[in-house]
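Input: a single structure, listed below in structure tokens.
The values are calculated or read from the model by the stated rules, or taken from the named source; none is laboratory data. Because the structure is predicted, anything quoted here is derived from the model rather than measured. Counting neighbours? That spans all protein chains shown, and the Cβs are built from the backbone with ideal geometry, glycine included.
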Amino acid sequence: MKIMDFLSKKAILTDLKSAKKEDVIKELVEGLINAGEIEKRYRNKLIEALMAREALGSTAIGQGIAIPHAKADCVEKLVAAFGLSKKGIDFDSLDGEPVYIFFLLVAPQDSAGPHLKALARISRLLKDKYCRDNLRACTDDKCVIKIVSQEYEKKI
């Protein structure tokens, strides 16, 4: 499974406007809705699921990265949105640093395996400082797609 298999090309936001955790999640969910990946009527349900997961512990893993994720019965396949904040957002990160790079991941309720595999793929990709720096420098979706695709090729 490649990240580009579940990352929605139309849900790549390289200039997040939000300044708070819940607002970032809302903005990324909105990106998935606008991309046609999620029906608008499930917006609030999905945001609630993502915020419930955040309540268990922050999905900000340090080094400027957060991977908010949840399982929900309103999605039929694993799907992700990408977001980039130029200013950085307080996301209760493990290292106390602001978050700049977001991968929001939503999986069907019964997909533990693919969900965990996707989280591992994203984590592995973002372990690389060079990759993180390049993603942070992106100004459009084409740049993000190129880096994510190239980095995956290097890791295999």
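Among the small types (Gly, Ala, Ser), free of Cβ contacts under 8 Å to residues at least 60 places away in the same chain and more than 25 Å from GLU30 (Cβ to Cβ): is that true of GLY88 in this structure? For GLY88, the condition - among the small types (Gly, Ala, Ser), free of Cβ contacts under 8 Å to residues at least 60 places away in the same chain and more than 25 Å from GLU30 (Cβ to Cβ) - is not met.
Condition check: at pLDDT below 95, within 15 Å of the chain's Cα centre (by Cα) and closer than 18 Å to LEU116 by Cβ. Does ILE3 satisfy that?
Considered against the rule, which asks whether it is at pLDDT below 95, within 15 Å of the chain's Cα centre (by Cα) and closer than 18 Å to LEU116 by Cβ, ILE3 comes out as yes.
Of these, ALA55, ALA19, ALA49, which one is of a type outside the set (S, T, N, Q), more than 15 Å from the chain's Cα centre (by Cα) and part of a helix (DSSP H, G or I)? Spell out how you get there, then give the answer.
Details: ALA19 fails: part of a helix (DSSP H, G or I); ALA49 fails: more than 15 Å from the chain's Cα centre (by Cα).
From the options ALA55, ALA19, ALA49, the qualifying one is ALA55.
The one condition from (1) in a strand (DSSP E or B); (2) on the phi > 0 side of the Ramachandran plot; (3) more than 15 Å from the chain's Cα centre (by Cα); (4) not hydroxyl-bearing (Ser, Thr, Tyr) that GLY88 does not meet is (3). Looking across the range 61-85, the residues that are assigned to a strand (DSSP E or B) and over 13 Å from VAL29 (Cα atoms) come down to ILE61, GLY62, ILE65, ALA66, LYS71, LEU84, SER85. Selection over the range 59-81 of residues that are in contact with an Asp or Glu (Cβ under 7 Å, 6 or more places away or on another chain) and crowded, with 17+ Cβ neighbours inside 10 Å gives a count of 4. If you take the residues of the range 15-41 that are among the basic types (Lys, Arg) and surrounded by 18 or more Cβ atoms within 10 Å (Cβ to Cβ), which of them is farthest from LYS86 (Cα to Cα)? My answer is LYS26. For the range 120-141, filtered to residues that are in contact (Cβ under 8 Å) with a residue 60 or more places away in the chain and hydroxyl-bearing (Ser, Thr, Tyr), the residue that is farthest from ILE61 (Cα to Cα) is THR139.
For (1) surrounded by 18 or more Cβ atoms within 10 Å (Cβ to Cβ); (2) modelled with pLDDT of 90 or more; (3) of a type in the set (Gly, Ala, Ser); (4) over 28 Å from ASN44 (Cβ atoms), each residue gets a yes or a no:
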site: ASP95; (1), (2), (3), (4): no, yes, no, yes
site: TYR100; (1), (2), (3), (4): yes, yes, no, no
site: ARG132; (1), (2), (3), (4): yes, yes, no, yes
site: ALA137; (1), (2), (3), (4): no, yes, yes, yes
site: ILE147; (1), (2), (3), (4): yes, yes, no, yes
site: GLN150; (1), (2), (3), (4): no, no, no, yes
site: LYS154; (1), (2), (3), (4): no, no, no, yes
